[in-house]
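If you scroll down you'll find the structure; I have some questions about it.
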Amino acid sequence: MSFRIGEKFLEWSDEDPSLDETLTNVSLYWFTESFARSIYPYRALFGSGARDIGAPKKPLGFSFFPRELAPGIKSILEKETNLVFYKQHESGGHFAALEKPKELWQDVEEFAGKVWKV
């Protein structure tokens, strides 16, 4: 199972992570036995017995990275959700937190600033 996870870091990323980054992440999945839990959202949405959970009613922020597996199309998100933040990036993939941590964190801060007035 761990070998396949390592492959995904290469296949679903815009830029290949280093061997150390890949081994660190695969080790985290392996030693914490968290792989099955990490794919739960995919099983719930796409597996047998999948159900329509409906669009989120709460404010939604979306960061679009071009190598993501399921693109977030802004016009559809605007129509189907309560989209309050959308940012399209020029590069990055499924593992944006690994590939583009600064850009992703800026998006999180900007989204939180729009919906969480302190």
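Which of the residues that make up the range 1-41 are in contact (Cβ under 8 Å) with a residue 24 or more places away in the chain, in a loop (DSSP other than H, G, I, E, B) and hydroxyl-bearing (Ser, Thr, Tyr)?
Ser13
Counting only residues that are touching a helix residue (DSSP H, G or I) at 6+ places or on another chain (Cβ under 9 Å), surrounded by 12 or more Cβ atoms within 10 Å (Cβ to Cβ) and either at pLDDT below 85 or closer than 20 Å to Gly92 by Cα (or both), how many does the range 30-42 have?
Summing the residues that are touching a helix residue (DSSP H, G or I) at 6+ places or on another chain (Cβ under 9 Å), surrounded by 12 or more Cβ atoms within 10 Å (Cβ to Cβ) and either at pLDDT below 85 or closer than 20 Å to Gly92 by Cα (or both) in the range 30-42 gives 2.
Leu98 passes all but one of (1) part of a helix (DSSP H, G or I); (2) without any contact (Cβ under 8 Å) to a residue 60 or more places away in the chain; which number fails?
For Leu98, the failing item is (2).
What pairs come out if I take residues in the range 57-86 that are more than 12 Å from Asp107 (Cβ to Cβ) and pair them with residues that are of a type in the set (Val, Ile, Thr) and in a strand (DSSP E or B) whose C-beta lies under 7 Å away, six or more apart or interchain?
Sorted first by the residue in the range 57-86, then by its partner, the pairs are Pro59/Val84; Leu60/Val84.
The values are calculated or read from the model by the stated rules, or taken from the named source; none is laboratory data. If you're wondering where the values come from, they're calculated on a predicted model, not measured in any experiment. Using ideal geometry, Cβ is built from the backbone for each residue, glycine included, and neighbour counts are taken over all protein chains shown.
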